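Report on one structure; see the data block that follows.
The values are calculated or read from the model by the stated rules, or taken from the named source; none is laboratory data. Just so it is clear, the model here is predicted, and its values are computed rather than measured. Neighbour counts run over all protein chains shown; Cβ positions are idealised from the backbone, glycine included. Quick note on the areas: whole protein, heavy atoms, side chains included, nothing else; ligands and nucleic acids left out. Shrake-Rupley method; radii C 1.70, N 1.55, O 1.52, S 1.80 Å.
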Amino acid sequence: MKEDEALLLADKVAQQYQLFLGLDTLPRLILQNLYARQQSLSKKTETIKIGLLDEYRFTGKIIISLEKNERCVRIEGIRSENDELYIIPDNLNNTEQSLQQLLERITTYGKDRNVQLLQLIDLNLLSSKGAYDEKKIFETLKERYDECIAYKRSMIVYDLDSLVGVNRSESESSMGTSVSSSVVNQSIYTYVVSRFREAKLEASQANKNEVNERWAIAVSRDQFLLKKFTSDVNFTLTDDQVEEQEKEKRRSTVPIFCAKCRDNYLETENKMSACTYHDGFVYDNLSDGLERCFPSTAIQILNREESLPPPDAAQKDQVDRRKIRFKYICCSATLQVGSGHNGCKKGEHNFGDEDEKKRHAEMKKKDLIIKWENVCFYSDDNLDAYNELMDSRGDPSLVL
């Protein structure tokens, strides 16, 4: 008898005795995965690399991420030499794209630990029990949890996406569009967090059949929900997650200098319209050749002139004119000492792509300002505007 024929026969028997795991029987789920593997272009046999075998020490807690950028299983283990918690990772197979496709893996875990009861808690379970109001929902959840702990070795699986859900909202402000996320069913979420924390394995190895093992598995594909749940149940982080957490902390606490507006900002607050700046060089409006220069150079010139002895009364008007002779090519605004660097444009702080911004963060302020002013000085748009201005100065028809 072929494998698929045996599974079809087992599926009929399971349906006859109403042995369902979620919406389907276990043989039907295994059969679906078998078909998926057979249709896979790679034709490569996929296996579970990490099992729940006795070569490891476990806490009884597992989180499975179906998020597209981080599809993996994270099993919490205990180091024998120092009792330190750590994560045993295992990547998901290509055919494991949903919770239903994960159940074959999960039942393999149950077989490794010789569990007596495997329980799936999801929206389908609540619907099948007619649990639509809060009272009935918690009665069903408690009933299933009590059934699990009545066995010495049990495994309970929580589908966070269907049980809890995530609500996202967008809001518009002067800083741009911001997206906020929140848990939909907070009471169910709190209950699942509490029960997940209670997962544990007894350390005694005298008689493995008498050891109590309460396994808990949480599954989600939502990045926000995974991150929040991991934190709320105090689940151990991987090295990559610890590094990412440190990066996030730096992004929200370490100020970064912006060369465009000459102010400091936090990376987490860097959104559109957060920075007001000029993106052009300045020119001397009183010179015959409309001499161009960097804004920082113009400020140095004005500061030096300001330090000179006070002019005669007859020269005061001429000196006052010279103080406002530098204009921005981008908007014709006047550059004045002490007026700040608020400009005619609004956008994000700093310039360049993400890799360039990271390099900019390591540069000295002076060097970064020079780099930005060079970008503005040699901009094609600014050069075109400057040439138009030069042409207009030589056109008598534009003189009133």
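Worth a mention:
- Of the listed residues Arg74, Arg251, Arg144, the order by accessible area with a 1.4 Å probe, largest first, is Arg251, Arg144, Arg74.
- Over the chain, dividing the summed -39,500 (n - 2.57) contributions of all DSSP H runs of at least 4 residues by the number of residues returns a 222 nm mean residue ellipticity of -12000 deg cm²/dmol.
- Take the Cβ atoms of Val242 and Gln336, set R0 to 45 Å, and the FRET efficiency comes out at 0.40.
- Tilt relative to the chain, helix 186-197 - C-alpha long axis, 0 to 90 degrees, to 10: 60
- Packing order of peptides 58-67, 266-275, 213-222, highest average first: 213-222, 58-67, 266-275 (average count of other Cβ atoms within 10 Å over each peptide's residues).
- Relative to the Cα centre, the charge distribution of region 260-370, modelled as +1 at Lys and Arg Cβ and -1 at Asp and Glu Cβ, gives a dipole magnitude of about 160 debye.
- Spin-label model, Lys249/Lys316: points 7 Å from Cα along the beta carbon direction are separated by 6.0 nm.
- Cβ charges +1 (Lys, Arg) and -1 (Asp, Glu), total dipole of the chain, debye: 620
- Taking the chain as a Gaussian network of alpha-carbon nodes connected by springs under 10 Å, the highest mean-square fluctuation of the residues Glu348, Glu246, Glu55 belongs to Glu55.
- When the listed pairs Lys345/Lys365; Lys228/Lys364; Lys2/Lys68 are checked against a 27 Å cut-off, the alpha-carbon distance exceeds it for Lys228/Lys364; Lys2/Lys68.
- Phe138 paired with Glu305, simple spin-label distance in nm, labels 7 Å along Cα-to-beta-carbon: 7.6
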